[in-house]
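Written below as structure tokens is the structure these notes are about.
Here, each number is a calculation from the coordinates, and none is a lab measurement. Please read these numbers as outputs of a predicted model, since none were measured by experiment. Here the Cβ is made from the backbone with ideal geometry for all residues, glycine too, and neighbour counts use every protein chain on show.
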Ligand code: RB5
């Protein structure tokens, strides 16, 4: 599986930690940042989100300080369902019910080992489909009407 990964400066350290873990099992495409210098989260988040929307990557992982800005930015890209996850339960539900194709993590609020647990849960959980598919379809239909 090919994963897009991106962060701003506030998520850079966690991004590098997660890359070490993910590199063992996944192909990674890193959309930056490559340093701790101030980086505007919309730039890197939107690039990673576009790669998922265009199916160049299967899923995406984005990190900023709170995760809020990156989640807002990523969700502006048509076809993206980005979920800000603070816990393994949120990771589980974002896949089962929302078919989230991007996980957003709050780099300034969770430790590296817990972020790995959240990410592991997210990657191993499948979308349930059924009644949830109809709700995803309603979002997709709304996006279609906007373009
Ligand atoms: C950067 O200081 C911070 O605003 C950013 O990482 C993020 O938390 C935005 O939502």
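Quick one: check the C-alpha center-to-center distance for segment 66-119 versus segment 1-51, whole angstrom.
Value for the Cα centre distance between the two parts: 13 Å.
Shape call for segment 1-118 from the C-alpha gyration tensor, a ≥ b ≥ c root eigenvalues: rounded (a/c under 1.5), prolate (a/b greater than b/c) or oblate?
Rounded.
Would you mind ranking 36, 85, 64 by Cβ crowding within 10 Å, fewest neighbours first?
36, 85, 64
Going by how many other Cβ atoms sit within 10 Å of their own, how do 13, 56 line up, fewest first?
If I rank by nearby Cβ atoms, fewest first, I get 56, 13.
In degrees between 0 and 90, to the nearest 10, how far off the longest principal axis of the chain does helix 131-146 point, with axes built from Cα atoms?
90 degrees
Using only Cα atoms, find the angle between the long axis of helix 41-53 and the longest principal axis of the chain, and express it within 0 to 90 degrees, rounded to the nearest 10.
50 degrees
Return one number: the angle in degrees, 0 to 90 and rounded to the nearest 10, between the long axis of the Cα atoms of helix 112-124 and the longest principal axis of the Cα atoms of the chain.
Orientation of helix 112-124: about 30 degrees from the principal axis.
Using Cβ contacts closer than 10 Å as the measure, can you line up 58, 89, 8 from fewest to most? Could you put the intermediate results ahead of the total?
Numbers: 58 14, 89 11, 8 26.
Ranking 58, 89, 8 by Cβ neighbours within 10 Å, fewest first, gives 89, 58, 8.
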